[in-house]
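Trainee: Below you'll find the structure I mean.
Bear in mind these aren't lab numbers, they're just calculated from the coordinates by the rules spelled out. The model shown is predicted, which means the values in this text are computed figures rather than measured ones. Glycine also receives a Cβ, built like all others from the backbone with ideal geometry; neighbour counts cover every protein chain displayed.
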Amino acid sequence: MTSTPGATAAGDAPAQDAAPTVDVVLPCLDEAEGLAWLLPRLPAGMRAVVVDNGSTDGSARVAREHGARVVTAARRGFGAACHAGLEAATADVVAFCDADASLDPADLPRVVTPVLSGDADLVLGRRVPGRGAWPWHLRLANQELARRARRRTGVAVHDLGPMRAARREALLALDLRDRRSGYPLEMLVAAADAGWRVAEVDVPYRARLGRSKVTGTPLGAWRAVRDMSRVLAA
């Protein structure tokens, strides 16, 4: 197993470490409330790999109390946390999900099953928002980025959402380099360039618990769009 500089594993839960079918990577920065709701809802056969990216609210403690494996990623950034979790995972299939309770882990089988069955190489969860779940300016930005991603890749994708799944070794072989907000888009672009079969499935999207550290402010939203635009321009 490879490792990321500044990433260490701690707090493993023996009960969940017994050959999980799927490792679920949960990048985390001050998401104690979301984790407390989310982790008990993880389906059987799936192990949570919570990647603490500098939390000060006890997120790591909450994760361990709920039986998750905890990985510490010293380098800040959404992509840095996701990739540290990918490298720390040991299951053949790895899923990604936000830790803010905006996505229900009970819906993960919709995303994971096509990968496990061999019907798709990368599956993206297309978010279907409920009331108050997705501010209009963020939705418009996502739609524009998805349109540009379709033009760049030829893949009929409509959302660059965080819930997704693929096989671990194949993901590592993509050699993803972005460590900021462009990581999810780079994954799609690299997968398309490699000839992967990419699929979308609908997943409900609810209002998150707490404020987003990535897109919760206009500056954060601008930075996320900038990071993704750089990926498309590369």
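Trainee: Among the trypsin sites (Lys or Arg not before Pro) within the range 88-139, which fall in a DSSP loop and have no more than 16 other Cβ atoms within 10 Å of their own Cβ?
Mentor: Answer in residue order: 131.
Trainee: Pull up the DSSP beta bridges for the range 7-228 and report the antiparallel fraction as a percent, rounded to 5. Please report the intermediate quantities before stating the final value.
Mentor: Numbers: 11 of 34 bridges.
The antiparallel fraction comes to roughly 30 percent.
Trainee: How do 169, 144 rank when sorted from fewest to most other Cβ atoms within 10 Å of their own Cβ?
Mentor: Neighbour counts put them in this order, fewest first: 169, 144.
Trainee: Average the reciprocal distances over every distinct pair of alpha-carbons in the range 7-228, invert the result, and give the Kirkwood radius in Å. Before the final figure, lay out the partial values.
Mentor: On the way: mean 1/r = 0.0584 Å⁻¹.
When all Cα pairs of the range 7-228 are included, the Kirkwood radius is 17.1 Å.
Trainee: Quick one: 113, 72, fewest Cβ neighbours within 10 Å first, how do they rank?
Mentor: 113, 72
Trainee: Let me ask something else about it. Each residue of the range 140-152 in turn: what ³J(HN,Hα) in whole Hz from Karplus with 6.51, -1.76, 1.60 and θ = phi - 60°, glycine and Pro shown as x?
Mentor: 5, 4, 5, 4, 5, 5, 5, 4, 5, 5, 4, 5, 6
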